[in-house]
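*Asks:* Pasting a structure below so you can have a look.
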Amino acid sequence: MEENQKKEEKVQNFKAVQNPNTYKTIYKNEPTSKSKIGFKRGFLLPFLSGMIGCAVVLGSCFGIPSIRSQIQKALNFTEGDHTTPQNSGYVSQTSLSNYSDTAVYAANKILPSIVGIEVEYNVNSLISMFGRQTQASTATASGSGIIISDDGYILTNNHIVATSSSESYYQVSEATKLSVTLFNDETKYEAKIIGTDEQTDLAVIKIEKTGLSKAEFADSDNIKVGEFAMAVGNPLGMQSSITCGVISAVNREVTDSEGKKFTLMQTDAAINSGNSGGALVNSEGKVVGINTLKLSGTGIEGMGFAIPINATTDITSQLIQYSKVKRPYIGISGMDLNEQTAKANKLVVGIYVKSVDDFSAGEKAGIKIGDVITEADGKKVSSMDELNKIKNSHQIGDEMKIKVNRNGQEKELTITLGEQP
């Protein structure tokens, strides 16, 4: 009986092993079942969960524009990034959009402040036809100007509005009529000359109109070679034209066709006839110079010049206030003596005094024709330019000491500077 009962228990235990309903209570020591379940839980479930999570993240990122753009930028940078430790100095591709945007911004800022100027002159013939004097005719010229106040003051070049010249067969009068044209306005406004200064080639004119867009000035003393430069004006009568380039040089000593010397900034931005009096501006559309002249001729290209704007501010204010520039004055004319000329004439190096104006500061100080000025304020001088630079560093009424050589003897004189008439 006990034997039959034991056999019966073994059979029941065997059936329990085969019965899946009782698996969980007896699987612990079963290696085959453990291996299959471990693969499902340890690999398949995490893998499927990761795939679903990745799909959700990517879908969210590419569904949000800002995140999508960042991802695309990162991908583009990675694909195009071929940087090597040694830079060859060349690039395979670059964008000019920033340069274009700079030019657009500068043009939009300055153009409303640039005007066209038309000048009328009387031309008188000096040649008679068949014994009769020919009748005077009228000629016109054009230039540019910069609005410097919202109530109508305009800065331009002296040679535009105050030119008078004569040749062997004709004579040109000073301007008889000035007309100004504003940006995007075909109306011609009559202008009057407020003040002119031949020495700096600057002039101020005015129209009777308010609410104008005055130009903004930059600090031209801080201009660097290579900076962006835009010339704005009315070349050949084509109003509101711009040309772009760079600042080619600063502090250039330039002599014009009449022998006047100027200290100017140089640019390769095209400057043509009619651009005179217009603006040279920087990347911010601020005026750094006044276009004044260019070099032209065979083999010359891209050499334009502008008066630095910092050099115009005091001149402009004086032209508005006094209609002229008040400068200290000696009242002499002289000739430069270099070593060769001085030796040939048995004189010393310096400035030979050719004439002394009556009642001038020079005459009152005792300067005589034939004197050779050798020093001014303790500095050696050998040209009128050097003497004038020292003189112009003083104010009217200041005293300036000079040394002259007269008949081989040195004399020291004190000049009380007068006002240039």
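*Asks:* Among the residues of region 273-315, count how many are acidic (D, E) and in a loop (DSSP other than H, G, I, E, B).
*Replies:* Of the residues in region 273-315, the ones acidic (D, E) are 284, 301, 314.
Filter once more, so that each one left must be in a loop (DSSP other than H, G, I, E, B): 284, 301.
So the answer is 2.
*Asks:* Right, another one. Test K192 against the stated conditions and say whether it is within 30 Å of P421 (Cα to Cα), in contact with a Lys or Arg (Cβ under 8 Å, 6 or more places away or on another chain) and surrounded by fewer than 20 Cβ atoms within 10 Å (Cβ to Cβ). Full working, then the answer.
*Replies:* Numbers: within 30 Å of P421 (Cα to Cα): yes; in contact with a Lys or Arg (Cβ under 8 Å, 6 or more places away or on another chain): yes; surrounded by fewer than 20 Cβ atoms within 10 Å (Cβ to Cβ): yes.
Taking the combined requirement at face value, the residue satisfies it.
*Asks:* For G226, which of the numbered conditions (1) part of a loop (DSSP other than H, G, I, E, B); (2) at positive phi; (3) of a type outside the set (V, I, T); (4) over 20 Å from the mean Cα position of the chain (by Cα) fails to hold?
*Replies:* (4)
*Asks:* Is there a residue being surrounded by fewer than 24 Cβ atoms within 10 Å (Cβ to Cβ), under 16 Å from the mean Cα position of the chain (by Cα) and more than 28 Å from K389 (Cβ to Cβ) anywhere in region 287-296?
*Replies:* Checking region 287-296: not a single residue is surrounded by fewer than 24 Cβ atoms within 10 Å (Cβ to Cβ), under 16 Å from the mean Cα position of the chain (by Cα) and more than 28 Å from K389 (Cβ to Cβ).
*Asks:* Being under 27 Å from the mean Cα position of the chain (by Cα) and among the basic types (K, R) is the filter; apply it to region 195-223 and report the residue that is surrounded by the fewest Cβ atoms within 10 Å (Cβ to Cβ).
*Replies:* Step by step, filter region 195-223, then rank; the result is K214.
*Asks:* While we're here: Quick one: in region 253-279, which of the residues that are within 27 Å of K389 (Cα to Cα) and charged (D, E, K, R) is nearest to the chain's Cα centre (by Cα)?
*Replies:* E253
*Asks:* What is the number of the single condition among (1) under 20 Å from F262 (Cβ atoms); (2) at pLDDT 95 or above that Q420 does not meet?
*Replies:* Result: Q420 passes all but (2).
*Asks:* Shifting gears a bit: Please work out if F228 is surrounded by fewer than 21 Cβ atoms within 10 Å (Cβ to Cβ), under 30 Å from K389 (Cβ atoms) and either at pLDDT 85 or above or not assigned by TED's automatic domain parsing to the domain that holds G289 (or both).
*Replies:* no
*Asks:* What residue, of I160, I154, is assigned to a helix (DSSP H, G or I), assigned by TED's automatic domain parsing to the domain that holds S257 and at pLDDT 85 or above?
*Replies:* I160
*Asks:* If you check E227, E253, E216, which single one turns out to be free of Cβ contacts under 8 Å to residues at least 40 places away in the same chain and acidic (D, E)?
*Replies:* Result: E253 is the single residue among E227, E253, E216 that is free of Cβ contacts under 8 Å to residues at least 40 places away in the same chain and acidic (D, E).
*Asks:* Related question: Out of the residues in region 201-213 that are part of a loop (DSSP other than H, G, I, E, B) and either without any contact (Cβ under 8 Å) to a residue 24 or more places away in the chain or of a type outside the set (G, A, S) (or both), state the one that is nearest to G278 (Cα to Cα).
*Replies:* The qualifying residue nearest to G278 (Cα to Cα) is D201.
*Asks:* Can you tell me which residue in region 369-384 is surrounded by the most Cβ atoms within 10 Å (Cβ to Cβ), limited to those that are over 41 Å from the mean Cα position of the chain (by Cα) and farther than 14 Å from K403 by Cβ? Walk me through how you get there before you give the answer.
*Replies:* Looking only at region 369-384, we keep the residues that are over 41 Å from the mean Cα position of the chain (by Cα), and these are 369-372.
Next cut, farther than 14 Å from K403 by Cβ only: 369-370.
Numbers: I369: 11, G370: 13.
Among those residues, the one meeting the criterion is G370.
*Asks:* Right, another one. Suppose the filter is within 21 Å of L264 (Cβ to Cβ) and either at pLDDT 95 or above or of a type outside the set (D, E) (or both); does I146 pass it?
*Replies:* Values: within 21 Å of L264 (Cβ to Cβ): yes; either at pLDDT 95 or above or of a type outside the set (D, E) (or both): yes.
Judged against the criteria, I146 is a match.
*Asks:* Among (1) surrounded by fewer than 22 Cβ atoms within 10 Å (Cβ to Cβ); (2) under 26 Å from R327 (Cβ atoms), where does G237 come up short?
*Replies:* (2)
*Asks:* I'd like to know if region 341-348 contains one or more residues that are closer than 17 Å to Q409 by Cβ and touching a strand residue (DSSP E or B) at 6+ places or on another chain (Cβ under 6 Å).
*Replies:* Yes, because at least one residue in region 341-348 is closer than 17 Å to Q409 by Cβ and touching a strand residue (DSSP E or B) at 6+ places or on another chain (Cβ under 6 Å).
*Asks:* Would you mind stating whether G277 is more than 30 Å from T374 (Cα to Cα) and touching a strand residue (DSSP E or B) at 6+ places or on another chain (Cβ under 7 Å)?
*Replies:* yes
*Asks:* Report yes if K354 is under 17 Å from T374 (Cα atoms) and basic (K, R), otherwise no.
*Replies:* yes
*Asks:* Can you run down the residue pairs with Cβ atoms below 8 Å, 6 or more apart or on separate chains, where the first is in region 403-415 and within 16 Å of K391 (Cα to Cα) and the partner is part of a loop (DSSP other than H, G, I, E, B)?
*Replies:* V404/I367; V404/D371; L413/G366; L413/I367; I415/I330; I415/I367
*Asks:* Quick check: is even one residue across region 239-261 modelled with pLDDT under 95, out of contact with any strand residue (DSSP E or B) (no Cβ under 9 Å at 6 or more places or on another chain) and on the phi > 0 side of the Ramachandran plot?
*Replies:* So far as region 239-261 goes, yes, one or more of its residues are modelled with pLDDT under 95, out of contact with any strand residue (DSSP E or B) (no Cβ under 9 Å at 6 or more places or on another chain) and on the phi > 0 side of the Ramachandran plot.
*Asks:* State which residue pairs qualify: first residue part of a helix (DSSP H, G or I) and inside region 354-368, second residue buried (at least 16 other Cβ atoms within 10 Å of the Cβ) and among the hydroxyl-bearing types (S, T, Y) in any location, beta carbons under 8 Å apart, and separation of 6 or more residues or different chains.
*Replies:* Partner pairs satisfying both residue conditions: A361/Y329.
*Asks:* Restricting to region 235-250, name every residue that is in contact (Cβ under 8 Å) with a residue 24 or more places away in the chain, out of contact with any Lys or Arg (no Cβ under 9 Å at 6 or more places or on another chain) and within 19 Å of I309 (Cβ to Cβ).
*Replies:* Correct list: I242, T243, C244, G245, S248, A249.
One line per residue, one yes/no per condition, for (1) surrounded by 16 or more Cβ atoms within 10 Å (Cβ to Cβ); (2) over 21 Å from E253 (Cβ atoms); (3) of a type in the set (D, E, K, R):
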residue: T312; (1), (2), (3): yes, no, no
residue: Q318; (1), (2), (3): yes, yes, no
residue: S323; (1), (2), (3): no, yes, no
residue: S333; (1), (2), (3): no, yes, no
residue: A342; (1), (2), (3): yes, yes, no
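The values are calculated or read from the model by the stated rules, or taken from the named source; none is laboratory data. No experiment lies behind these values; they were computed from the predicted model shown. All Cβ positions, glycine included, derive from the backbone under ideal geometry; neighbour counts span all protein chains shown.
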